[in-house]
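The values are calculated or read from the model by the stated rules, or taken from the named source; none is laboratory data. Source: prediction; values computed, not measured. Glycine gets a Cβ as well: all are built from the backbone with ideal geometry, and neighbour counts include every protein chain shown.
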């Protein structure tokens, strides 16, 4: 009688149909049929293929950013310029481009890269084991990169983009920001991180600065520089301008043909003198508080212009600023004015509350403020910062000889600020031939470079932080990686806009990250090997069209 038995061969278990037969008078098992593994037996019993989903991973953003890095030549340049050292079958150039894609899609530490990569298509696309890309891997790869090599890659990449029509260098926007670190005070291996006025209010921490020039369209970086965190914006301007001039000359672009747009944080007599000597075009803003004569120009002398589909009141004149007569344009921004009034009202409410608390203290017999001078000093301290002149106070003598405090809003000062000062922007330029509309629109583009810094501080995409490096060389390489990630994102965003899609770069990356690919294994024949297949998971038709269009644009 036939029976089924289990046969173990190595680590595998097979099943057979056997019956007992006598051989030379002794019973011996005789195999009637080999059934194979339990999985194949089940497949045969069901008389159909066995299909199993093995892996599903994010595909869209990682695939497109990697292909785009090849399209613009970033990958080739990085592999050519950086060291040929290989770790985990990856060159230095490939490792840095992979790190840049991580910064664009999901910023995280180098130690977290392996977990990020496991959830994406990058290991399959590029050909590496995700687990091998540890923080030590990136440390070793980054350690070979020099500042000169970074400059060379940036220069060659800018040349290539300029030739491809991706850069419009006639109007460039300049600004600076800084990023705080957690480097210890006694860490002497890094010179760049220093204590200074931090733009994220972390004055207690060491920071490094980043200066950038970007294009008006699509915020594409043209030139970047990392500098010491304790350098004031005004002192950084001339060295940066000198380097920018050399950079543009290498691109066969004359600085005289460029108009640089910058904010009042970089203003000084010396800086404007250098601009004049270099014959560099500029549009800049100046602080309204230093030009009361311009603020006093009556509204009757203003006229309306249209910029960006909106009508603005503006006035054009000439005035000697920083030792030279220059074209000046004043304009009123109602949006800015409304925001300033809201801020002023909040500041007034806060200071009135502080004065009320002080007045209440004076009512207590235990109050130690006995002299008018001491009370006035406390009141001035409560009003410090903001527009202190909007609130008046008087220290008076109450019944019984006790001192009191009277205070209130100065309605005339409040009216002057809200009606004559707030909302007014004062622009200065050497482009005398430009119209008021051209000057205002050029300056309004300054918000573009501020958006770049906003991207670099976005914790969900492109963020410079977290960064756990404590040498100047590593900080420079890390910042280069972050800027390259931003560049790839902006170019991908440009492609989407050119195809007619309207969305922010963050929404674009989020949408593409949700495009997933599944690896399917199919067993169709008991004697054959499993067949593997990769297919895109089902998605909304709009997303499918977006991904399909972008794939065609980068291939």
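Report whether or not residue 485 is farther than 30 Å from residue 141 by Cβ and either assigned to a loop (DSSP other than H, G, I, E, B) or touching a helix residue (DSSP H, G or I) at 6+ places or on another chain (Cβ under 9 Å) (or both).
Taking the combined requirement at face value, the residue does not satisfy it.
Among the listed residues 146, 185, which satisfies the condition of being farther than 28 Å from residue 97 by Cβ and surrounded by fewer than 19 Cβ atoms within 10 Å (Cβ to Cβ)?
185
If a residue counts only when it is within 30 Å of residue 120 (Cβ to Cβ) and at pLDDT 75 or above, which strands (runs of 3 or more DSSP E) contained entirely in region 1-57 have at least 2 such residues?
In region 1-57, no matching strands (runs of 3 or more DSSP E) lie anywhere.
Going residue by residue through region 262-279, is there one that turns out to be buried (at least 18 other Cβ atoms within 10 Å of the Cβ), part of a strand (DSSP E or B), in the same structural domain as residue 212 (by TED's automatic domain parsing) and in contact with a strand residue (DSSP E or B) (Cβ under 8 Å, 6 or more places away or on another chain)?
yes
Just checking, which of 490, 467 is closer than 20 Å to residue 217 by Cα and either in contact with a strand residue (DSSP E or B) (Cβ under 9 Å, 6 or more places away or on another chain) or in the same structural domain as residue 208 (by TED's automatic domain parsing) (or both)?
So the residue among 490, 467 that is closer than 20 Å to residue 217 by Cα and either in contact with a strand residue (DSSP E or B) (Cβ under 9 Å, 6 or more places away or on another chain) or in the same structural domain as residue 208 (by TED's automatic domain parsing) (or both) is 490.
Go through region 296-315 and report how many residues are touching a residue at least 24 places away in the same chain (Cβ under 8 Å), part of a strand (DSSP E or B) and closer than 24 Å to residue 417 by Cβ.
Residues that pass the stated criteria total 2.
For region 247-261, state whether one or more residues are under 23 Å from the mean Cα position of the chain (by Cα) and either farther than 19 Å from residue 150 by Cβ or modelled with pLDDT of 90 or more (or both).
Within region 247-261 (the criterion being under 23 Å from the mean Cα position of the chain (by Cα) and either farther than 19 Å from residue 150 by Cβ or modelled with pLDDT of 90 or more (or both)), the answer is yes, since at least one residue qualifies.
Does residue 94 count as touching a strand residue (DSSP E or B) at 6+ places or on another chain (Cβ under 6 Å) and either at pLDDT 90 or above or not in a helix (DSSP H, G or I) (or both)?
Judged against the criteria, residue 94 is not a match.
Quickly run through region 378-399 and pick out the residues that are exposed (fewer than 12 other Cβ atoms within 10 Å of the Cβ) and either under 48 Å from the mean Cα position of the chain (by Cα) or at pLDDT 80 or above (or both).
Passing the criteria: 380, 381, 384, 385.
Evaluate the following for residue 312: is it crowded, with 17+ Cβ neighbours inside 10 Å, outside the structural domain of residue 248 (by TED's automatic domain parsing) and over 19 Å from residue 266 (Cα atoms)?
no
Could you tell me which of the residues 149, 136, 141, 102 is in a helix (DSSP H, G or I) and in contact with a strand residue (DSSP E or B) (Cβ under 8 Å, 6 or more places away or on another chain)?
Every option except 141 fails the conditions.
With the structure loaded, tell me whether residue 463 is modelled with pLDDT of 75 or more, under 30 Å from residue 199 (Cβ atoms), under 26 Å from the mean Cα position of the chain (by Cα) and surrounded by 13 or more Cβ atoms within 10 Å (Cβ to Cβ) or whether it fails that test.
yes
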